Amino acid sequence: MLAYLRNSWRGLTSMRTALVLLFLLALAALPGALLPQYPLNASKVADYKTAHGLWGTLLDKLGFFNVFAAPWFAAIYLLLSVSLIGCVVPRSVDHLRALRSEPVPTPRNLSRLPHHASSVVDVPVDGVLATARARLRGWRTRVREEPGGVATVSAEKGFLHEAGNLAFHVSLIGLLVGIALGKLFGYEGQVIVLADGSQFCNSGILGYDSFTAGLKVDGTDLAPFCLKVDSFAAHYLPSGESSSFAAQLGYQTGTVESGPWTPYTLEVNHPLRVEGDRVYLLGHGYAPKFTVTFPDGAQRVGLVQWRAVDGNTLLSEGAVKIDPPGVTSEAVRRRSQLAITGLFAPTSSGGALVTSIYPAPDNPEVAVDVYRGDLGLDSGRPQSIFSIDQGLVDSGRLVRVARQNLRPGQQLRLDDGTTVRFDGAEQWVSLQVSHDPAQTSVLVFAVLALVGLVCSLTVKRRRFWLRVSPRDGTGSVVEVGGLARTDQAGYGEEFTRLCRDLIGLQARKEVEHAG
Amino acid sequence: MPVDMLLARYGDLAFDSALAVYVLAMLLHAAEFSLGRRLAPLAAPAPVGVLVGAGAPATVPAVPHPDAPAVPPLAHPDPPAVPSGRPPAERAGRMAVALTVLGVLLNAGSLALRGLAAHRPPWGNMYEFSGAICLVAVVAWLVVLYRHTRSGRAAVLRRLGLYVLLPVVVLMLLAGTVLYVPAAPVMPALQSYWLAIHVSAASVASGILLVAGVSSTLFVLRSSGRLARLPSADALDRVAYRATTLAFPVWTFAIMTGAIWAESAWGKYWGWDPKETTALIAWVAYAAYLHARATAGWRGRPAAVINVIGFAVMLFNLFFINFVTTGLHSYAGVG
């Protein structure tokens, strides 16, 4: 049993297994890049599933549409982490031991090494040793004596290679831990705020349109701050491509309504960093404003964000839902609720069919359908703010009573005398609030990993040996040998230089070499 | 600031000229390749002035450099008497290298003009990015060649030129036709100094990895006995390894700066966007290559195959991800 465990552990921590796991990791990540993914685009996943039938359902069951949360993906990276730890820990111990141990004794036969040379020089043994010591400054050296007045020098260099290697791998583990902590304690929420001075407070989950919480976040202890979006401006190229977005914000921290608003210009690439959270400008759009005047003179203003159906021209769709004023009877109310739906074009083409030709609000126009009846707001069923319940239209409980194109200031009149005026459009911004307490540690480990990687790839662990034997009283025979621990590439030139300095310059004699 | 259309036009002209010059250089390399003799290693003179035969494989005893030139190397300190002029292959090869240098200058010029015309780093779309990758690849190739010239082994290695310039020419051709977009400012998300840092790191890494990928592909072919006119498998392996060890940290840096940029532009440092996922896959592939290179039984062919896979993933990332899938990176004016 113990042997079995030991063998499994050895198998898991071997380089071969690590290689296979690396392959698996790359292979398993591939569907994440090729197939639509739930966290990125859920509607695309739905499209894909409808288009591929059984195959799509099968892929969904197996987690292929959320690869990076799939158990099999987790299995691979967890095994890889274990393999990594199992490899790094013993190697760290070895490295510490190697740091304290002496350079290994000179091999008996230096000519067997991949790099070697020998020469006869006119300098006595001591002289050669002195030169060698001077030349090998910065190397870890050890001089040993052999019988017959022979002296050897063992030298080692490049411990930073292994140190960097270990630092890189340890940092990878640290990086993974940081990512995991971020997933546990982080949160991310999206909210749309009208850019007309509307406010948003990070006081709880309910304030958000959507909210993704880490496992340890219950939504009670959010960072306390409030935002006020004063205005939004976008600039576009003649082609309709956007060239800049900026929202003018004010923000407060601490308890709500506690002081003046600090101004901030929120732009793409320039998130607002406040109270450990980050606020991003994700998107923008239009909210057409309608004033409904009822026959009795009562007015209601409808101002709700519409969503873009075309990202290039910002042609938008949506629904403004209005309860009639002064109605107490539920039954009457369910017959007289109003909905204004349709299309909004920031720059209308001017044709009978409203289309948008440019995203800036240069020539706004709406094409609206006005419905009257039961909007189903009290039905208890959730409904989209961008559309009306088509089921109610089909069942005749919601009836279309008008269809018209309106420019700002224009109005339409319903059969009962109610008028609907299009006042123009406000802009809205879509904001994202993100919280990740482990982000800095991820960055630190990433930088450490990079530094370690550079050390490990540029520094080479190499050994150099020298054996000097006395010859004819005043001269000596010098043999040298070299071995690079990791990769031979690149050591050749340094070895050549070493030889030149140690043998070539002492005595310009023919160097015997064999390779 | 408005785009300077005249400068942009000159930039495009320089791009087209660079492409034409690369094609010419490639043709001359092809001529060199076909005119050149098969290598006869045993006839190679042992270079003087080199003290030791470093790293020579045991299978070729008594020959310090298996890839030693059969023709006089460029920087030979004491050239043997060549009766009259150089052999045609050598001449074609030298002309090819000279043209390649000219091509690099034009390529760099086109990028510089683009940048000046649009007042931003000249790698804001696929057209410019491809041009930058080509520039780095050819510069990396010339550096490799220069280093081998200094050690007197350039003549044989030069034959690689055909295979390095081939993907460069294809990439430039695609960039100039399918991927072409006129000079214009970039979208708000790209208006950041990280564009200069992240994308330049990505193009430097991609360019160097292109040279590595070509060397490893040829290594696989060479080690199976084909293409005997190429440099030795050993030399190809060395070029691939050196290039990969140089490019891997740069690629790592590119991914990390991408994450830092994403943190300020997209709301989180890692969002599994298709492009970053594939970049990570390529990173893992190259990590596997480096591990394979240090694992007994995986050196040589298996390692080279992994490097080729890594390169394939890079190409896939460059084209497929931008054309077929839509992610946050599909700004590049093509999808």
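Structure above, values below:
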item: For segment A:1-74: accessible area per residue (Å², 1.4 Å); result: 60
item: Inter-label distance, nm, simple model (7 Å from Cα along the C-beta direction), A:ILE385/A:THR50; result: 2.5
item: Long-range amide H partners of A:ARG471 with built H, under 5 Å; result: A:SER476, A:VAL477
item: Between helix A:125-135 and chain A: long-axis angle, C-alpha atoms, 0 to 90°, nearest 10; result: 10
item: Sequence-distant residues sharing a close amide H with A:TRP428 (under 5 Å, placed H); result: A:ALA195, A:GLY285, A:TYR286, A:ALA287
item: Farthest positive-ward along chain A dipole, Cα basis, beta-carbon charges - from A:TYR48, A:ALA234, A:VAL20; result: A:VAL20
item: Kirkwood-based Rg to Rh ratio, segment A:180-325, C-alpha trace; result: 1.02
item: Karplus-derived HN-Hα couplings along segment B:6-15 (A = 6.51, B = -1.76, C = 1.60, θ = phi - 60°), whole Hz, x at Gly and Pro; result: 5, 4, 4, 5, 4, x, 5, 4, 4, 4
item: Descending semi-axes in whole angstrom, ellipsoid equivalent of segment A:146-257, from the Cα gyration tensor; result: 56, 24, 13
item: Under the Karplus curve 6.51 cos²θ - 1.76 cosθ + 1.60, θ = phi - 60°, whole-Hz ³J(HN,Hα) for segment A:107-120, x wherever Gly or Pro sits; result: x, 5, 10, 5, 6, 8, 6, x, 10, 7, 6, 8, 7, 10
item: For segment A:355-478: span of alpha carbons on each principal axis (Å, largest first); result: 126, 39, 26
item: Charge dipole (the protein assembly as shown, unit charges on Cβ, about Cα centre) - positive-most of A:ALA360, A:SER434, A:SER348; result: A:SER434
item: Sum of side-chain charges, A:GLY326 neighbourhood, beta-carbon under 11 Å (Lys, Arg +1; Asp, Glu -1); result: 0
item: Area buried, chain B against chain A - accessible surface, total, 1.4 angstrom probe, square angstrom; result: 4800
item: Accessible surface of segment B:177-244, 1.4 Å probe, proportion on carbon and sulfur as whole %; result: 64
item: 32 Å Cα-Cα threshold exceeded, pairs from A:LYS157/B:LYS268; A:LYS49/B:LYS275; A:LYS61/B:LYS275; A:LYS61/A:LYS183; result: A:LYS157/B:LYS268
item: Label point at A:ARG497 placed 7 Å out along Cα→Cβ; residues across segment A:452-472 whose backbone nitrogen lies under 14 Å; result: A:459-460
item: On Cα atoms only, tilt of A:159-185 relative to the major axis of chain A in degrees; result: 20
item: Segment A:260-361: Cα Rg divided by the 2.2 N^0.38 Å rule of thumb; result: 1.48
item: Relative contact order computed over segment B:182-335 (Cα-Cα under 8 Å; 6+ residues apart), in percent; result: 26
item: For chain A, Cys with no neighbouring Cys Cβ under 4.7 Å; result: A:CYS87, A:CYS455, A:CYS499
item: Ordering of A:439-446, A:201-208 by burial proxy (mean other Cβ atoms within 10 Å per residue, highest first); result: A:439-446, A:201-208
item: Chain A - mean residue ellipticity at 222 nm from DSSP helices (-39,500 (n - 2.57) per run, n ≥ 4, rounded to 500); result: -10500 deg cm²/dmol
item: Modelled FRET efficiency - R0 51 Å, A:SER231 with A:LEU30, Cβ distances, 0.05 increments; result: 0.70
item: Segment B:144-262: translational diffusion in µm²/s, Stokes-Einstein, Kirkwood Rh over Cα pairs, 20 °C, 1.002 mPa s; result: 131
item: Segment B:175-240, accessible area per residue, ligands and nucleic acids excluded (1.4 Å, Å²); result: 33
item: Computed magnitude of the charge dipole of segment A:1-107 (debye, nearest 20; Cβ of K, R +1, Cβ of D, E -1); result: 240
item: ³J(HN,Hα) computed for each position of segment A:438-449 - Karplus, 6.51 cos²θ - 1.76 cosθ + 1.60, integer Hz, glycine/proline x; result: 9, 4, 5, 5, 4, 5, 4, 5, 5, 5, 4, 4
item: Normalised contact order of segment A:80-228, rounded percent, pairs of Cα under 8 Å and 6 or more residues apart; result: 19
item: Long-range HN-HN contacts of B:VAL181 with modeled amide H, under 5 Å; result: B:TYR127
item: Rg/Rh (Cα only; Kirkwood hydrodynamic radius) as it applies to segment B:158-200; result: 1.17
item: Angle in degrees between helix A:42-61 and the longest Cα principal axis of chain A, rounded to the nearest 10; result: 60
item: Cα-centre dipole for segment A:398-464 with unit charges at Cβ (Lys and Arg positive, Asp and Glu negative), debye to 20; result: 800
item: Longest to shortest principal axis, alpha-carbon extents of chain A, angstrom; result: 126, 56, 48
item: Accessible surface, per residue, of segment A:289-332 when the full set of protein chains is kept, probe 1.4 Å, Å²; result: 48
item: At q = 0.19 Å⁻¹, base-10 log of I(q)/I(0) for segment A:130-188 (Debye sum, equal scatterers on each alpha carbon); result: -0.80
item: Dipole magnitude (debye, nearest 20) for chain A, charges at Cβ of Lys, Arg, Asp, Glu; result: 2340
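The values are calculated or read from the model by the stated rules, or taken from the named source; none is laboratory data. Values in this document were obtained by computation on a predicted structure and should not be read as measured data. Using ideal geometry, Cβ is built from the backbone for each residue, glycine included, and neighbour counts are taken over all protein chains shown. These area figures cover heavy atoms from the full protein model, side chains too; ligands, DNA and RNA do not enter into them. Shrake-Rupley method; radii C 1.70, N 1.55, O 1.52, S 1.80 Å.
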